[in-house]
1. Search the stretch 42-59 for residues being within 18 Å of V84 (Cα to Cα) and in contact with a Ser or Thr (Cβ under 8 Å, 6 or more places away or on another chain), and hand back the single one that is surrounded by the fewest Cβ atoms within 10 Å (Cβ to Cβ).
2. Of the residues A9, A41, A5, which is of a type in the set (A, V, I, L, M, F, W, C) and under 19 Å from T94 (Cα atoms)?
3. Please list, ordered by first then second residue, the pairs with beta carbon atoms under 9 Å, 6 or more apart or interchain, first in the stretch 68-87 and touching a residue at least 24 places away in the same chain (Cβ under 8 Å), second of a type outside the set (S, T, Y).
4. Need pairs with beta-carbon distance below 8 Å; first residue part of a helix (DSSP H, G or I) and within the stretch 34-49, second modelled with pLDDT under 90; sequence gap 6+ or separate chains.
5. Would you confirm, using the coordinates I've provided, whether D10 is outside the structural domain of T95 (by TED's automatic domain parsing) and part of a helix (DSSP H, G or I)?
6. Exactly one of these conditions fails for T39: (1) surrounded by fewer than 13 Cβ atoms within 10 Å (Cβ to Cβ); (2) in the same structural domain as Y99 (by TED's automatic domain parsing); (3) under 30 Å from V100 (Cβ atoms). Give me its number.
Amino acid sequence: MDSTALTRADAFHLLRQDLYGHLDETEYLAMKTAGWTETDADIARDVIPELVETIRQVFRVHTEAQPGTCDCGEPWPCRTVSAVHARLNATGSTTHALYVAGEQERVRLGRAQPHTAVIASDP
């Protein structure tokens with residue numbers, strides 16, 4: 001392996017460590033066994049929208065560039081979109097339960113509309 005490849009591998013390793021570090025700290029807050037303080041709740045209110053926006057950004061990068069092809073070059077939906085979709089919709093997951101509850105609430109309120117949010121590309 002040449003020095004450029006080693007440098008690239010080190011850079012990817014550091015990037016992966018940084019990303020997992022952010023996720024680990026967020027998960028730690030959510031999984032605390034002690035009750036949440038008001039500060040913990042405030043942090044969660046800030047973190048949840050940031051994580052949602054992060055997932056939306058992933059979808060902005062992985063859009064259908066041309067019919068049947070993702071911007072990443074894979075057939076659309078690519079592995080990234082498929083993996084995120086599968087995780088969010090996993091039976092028994094909190095995100096799936098929240099989605100179903102939200103749909104039921106909109107029906108109850110007479111506001112049932114499909115989720116049709118457009119994921120805009122960055123300018």
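1. L51
2. So the residue among A9, A41, A5 that is of a type in the set (A, V, I, L, M, F, W, C) and under 19 Å from T94 (Cα atoms) is A41.
3. So the pair list comes out as V84/I55; V84/V58; V84/F59; V84/H62.
4. That search, which allows pairs on different chains as well, returns D40/L29; D40/K32; I43/L29; A44/L29; A44/A30; A44/W36; V47/T26; V47/L29.
5. yes
6. All conditions pass for T39, except number (3).
Each row is one residue, and each column tells you yes or no for (1) aromatic (F, W, Y); (2) at pLDDT 85 or above; (3) out of contact with any helix residue (DSSP H, G or I) (no Cβ under 7 Å at 6 or more places or on another chain); (4) not in a helix (DSSP H, G or I).
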residue: V58; (1), (2), (3), (4): no, yes, no, no
residue: V84; (1), (2), (3), (4): no, yes, no, no
residue: G102; (1), (2), (3), (4): no, no, yes, no
residue: E105; (1), (2), (3), (4): no, no, yes, no
residue: G110; (1), (2), (3), (4): no, no, yes, yes
residue: P114; (1), (2), (3), (4): no, no, yes, yes
residue: P123; (1), (2), (3), (4): no, no, yes, yes
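The values are calculated or read from the model by the stated rules, or taken from the named source; none is laboratory data. Treat the numbers as computed from the prediction; the structure is a model and nothing was measured. Cβ: placed from backbone, ideal geometry, glycine included. Neighbour counts: every protein chain shown.
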